[in-house]
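Encoded as structure tokens, the structure appears first; notes follow it.
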């Protein structure tokens, strides 16, 4: 502080830095709480599930299908492993660019990246002897997903 009791620019900068550290700690603490809650539920570190995956899991549970959520094959993690070596991936209509709604031309960069990533996951599954099924958001939301189709 200056002699007349006012804050100097250095004092103001120090107070702002302290406040920023407090906010950053609070944000980090909140993120850690969310991640740890997801970890407790899923037993997979650092991953919480989205609404579509939860909806499909409830559908599988109600049908009595035995499954494993978040199953690693090679370097990829798949949403579900079902009996019969079947891997199921839940794809959002926009982010994974459902071809029924998003033709190849006009895709965003993120959509193109996701399509390539999804293709790599499909090939990886086949290379390791798994059958791959893509389950689209539109089909889940409209009730067109059949457990019989998914499970084999």
By my count, helices (runs of 4 or more DSSP H) wholly in region 49-152 with at least 3 residues that are on the phi > 0 side of the Ramachandran plot and crowded, with 18+ Cβ neighbours inside 10 Å are none
Looking at region 11-26, is at least one residue in contact with a strand residue (DSSP E or B) (Cβ under 9 Å, 6 or more places away or on another chain) and at pLDDT below 85?
no
How do the pairs read when you match residues in region 131-152 that are farther than 11 Å from residue 88 by Cβ with residues anywhere that are modelled with pLDDT under 90 and part of a loop (DSSP other than H, G, I, E, B), using Cβ under 6 Å and keeping only pairs 6 or more apart or on different chains?
139/145
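The values are calculated or read from the model by the stated rules, or taken from the named source; none is laboratory data. Quick caveat: nothing in here was measured; it's all calculated off a predicted structure. Glycine also receives a Cβ, built like all others from the backbone with ideal geometry; neighbour counts cover every protein chain displayed.
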